[in-house]
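Here's the structure we're looking at; comments come further down.
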Amino acid sequence: MLWLGMVLAISFLEAPLKFRAPGVTLALGLGIGRIVFRAFNIAEAVLAVVLVLSAVVLGPSAATWIWLGLAVAILATQILVIRPPLTRRSDRVLAGEELPRSHAHYWYIGLEVAKVVALIGLAIAAAA
């Protein structure tokens, strides 16, 4: 549930709201976002490792393993596949290029929604 709360707070609250704050430019918002999401993804990876190790020790149900595996796979895809092109794009924007919104950004958001579903499923399966 901690991981779920972090995803909801950072991805669906902090990230979109920071660009609405007075004086926050695109460059400033991107710079803040890169720092926040780097730290956030590290924290998520640590939580994922702790949950997997806990599951190995506790031997939960198959449903718990499936939901946990799904959440971990989504996180790995975000970090290893989607974040690198987003980082390269933000480097270009911070260097002054004007680019259209990235399709990778939409994929990241879609996977955040899927991760929320997986984490809710994990919580329900673990509690059952």
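Worth pointing out:
- Cα-based shape type of segment 2-127, given that a ≥ b ≥ c are square roots of the gyration tensor eigenvalues and the cut on a/c is 1.5: prolate
- Simple point charges give the picture: +1 on the Cβ of Lys and Arg, -1 on the Cβ of Asp and Glu, and for the chain a dipole about the Cα centre of about 200 debye.
- Of the GluC sites (Glu not before Pro) found in segment 1-110, those in coil by DSSP whose Cβ has at most 14 other Cβ atoms within 10 Å are 97, 98.
- Among 80, 31, 65 - extreme Cα towards positive end, dipole of segment 20-116, charges at beta-carbon: 31
- Taking 7 Å steps out from each Cα toward its Cβ at residue 77 and residue 106 produces label points 1.6 nm apart.
- FRET efficiency, residue 27 to residue 127 (Cβ-Cβ, R0 41 Å, nearest 0.05): 0.40
Read the figures in this text as sums done on the coordinates, not as results from a lab. What you are looking at is a predicted structure, and each value in this text was computed from that prediction instead of being measured. Because the Cβ atoms are built from the backbone with ideal geometry, glycine has one as well, and the counts that use them run over all protein chains shown.
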